[in-house]
1. With a ≥ b ≥ c taken as the square roots of the eigenvalues of the C-alpha gyration tensor of segment 72-175, please select rounded if a/c is under 1.5 and otherwise prolate if a/b is larger than b/c or oblate if it is not?
2. Rounded to a whole number, what % of the accessible area of the chain do carbon and sulfur atoms account for, probe 1.4 Å?
3. Listed highest first by mean packing, meaning other Cβ atoms within 10 Å per residue, what order do 45-52, 136-143 come in?
4. Report the Cα-based extents of segment 127-172 along its three principal axes, largest first, to the nearest Å.
5. Could you give the accessible area per residue of the chain, probe 1.4 Å, as a whole number in Å²?
6. Classify the chain as rounded, prolate or oblate, taking a ≥ b ≥ c as the square roots of the eigenvalues of its Cα gyration tensor: rounded when a/c is under 1.5, otherwise prolate if a/b is larger than b/c and oblate if not.
7. Which value at 222 nm does the chain reach when only helices count, each DSSP H run of 4 or more adding -39,500 (n - 2.57), with the total divided by all residues and rounded to the nearest 500 deg cm²/dmol?
8. Sort segment 20-106 into rounded, prolate or oblate with this rule: let a ≥ b ≥ c be the square roots of the eigenvalues of the Cα gyration tensor; rounded if a/c is under 1.5, and if a/c is not under 1.5, prolate when a/b is larger than b/c, oblate otherwise.
Amino acid sequence: MRRVMVIGQRIGLRDLTDADVVPLHSVYGDPAATQHMPFAPRSVQEVAALVGQAMEAAAAEPRRLYVLAVVDADRRHVIGVARLKIDPDLPHSAEIGFGLHPDQWGRGIGTDLVRLLLSFGFKQLGLHRVWGARSPANLPAQLAMLTAGMVEEGRIRHHVHTPHGWRDSIVHAAIQDEWTER
């Protein structure tokens with residue numbers, strides 16, 4: 001099994017453990033943190049199930065799903081979650097997603113997170129294309145992806161069903177040979 005540990009200046013990414021359930025619940029269970037996600041806030045039991053699934057995915061060969069804890073580089077406290085999913089039919093391409101605890105918002109942490117995901121995908125996994133989809137109303141995610149070097153590619157209409165109905169998604173992507181680490 002390939003263990004993931006990626007360290008940036010302010011944050012790091014690592015594989016999830018059972019000890020991450022409660023800190024991740026502070027993200028997945030927070031109505032503000034999940035307002036742009038396609039699900040309602042999660043219970044502790046639902047987060048525990050997600051962590052278990054992430055740990056199973058980490059042991060898979062080949063590994064196609066990376067659900068990672070976002071940790072503060074200094075104290076190693078969990079401040080968010082990051083996801084990178086490789087498409088089995090297009091193994092050169094992966095979708096990213098991320099969520100941060102609201103007390104981390106407005107500090108550029110989202111941009112740092114997208115940069116780490118892109119670097120991990122291109123440098124360590126050898127991907128050619130990394131993409132992500134965001135809610136049209138999620139302007140901080142737009143800024144994070146654009147600042148990190150992703151390009152806005154377009155809108156997918158009625159892409160995601162949320163607790164409030166169908167929602168469009170705005171797609172951003174980075175291509176390995178066009179991307180420059182910023």
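The values are calculated or read from the model by the stated rules, or taken from the named source; none is laboratory data. No experiment lies behind these values; they were computed from the predicted model shown. Neighbour counts are summed over all protein chains in view; Cβ atoms, including those assigned to glycine, are modelled from backbone coordinates with ideal geometry. Surface areas here come from the heavy atoms of the whole protein model, side chains and all, with no ligands, DNA or RNA. Shrake-Rupley method; radii C 1.70, N 1.55, O 1.52, S 1.80 Å.
1. Details: a/c = 1.67, a/b = 1.08, b/c = 1.54.
Here segment 72-175 falls in the oblate category.
2. Working: 4880 of 9310 Å².
Accessible surface attributable to carbon and sulfur in the chain totals 52 percent.
3. Numbers: 45-52: 16.5, 136-143: 14.9.
Most protected by this proxy first, the peptides run 45-52, 136-143.
4. 31, 22, 15
5. Numbers: 9310 Å² over 182 residues.
Normalised by residue count, the accessible surface of the chain is 51 Å².
6. On the way: a/c = 1.25, a/b = 1.05, b/c = 1.19.
The shape class here is rounded.
7. Details: 4 runs with 44 residues, N = 182.
Theoretical 222 nm ellipticity from helices: -7500 deg cm²/dmol.
8. Working: a/c = 1.61, a/b = 1.58, b/c = 1.02.
Because a/c hits 1.5 or more and a/b exceeds b/c, segment 20-106 counts as prolate.
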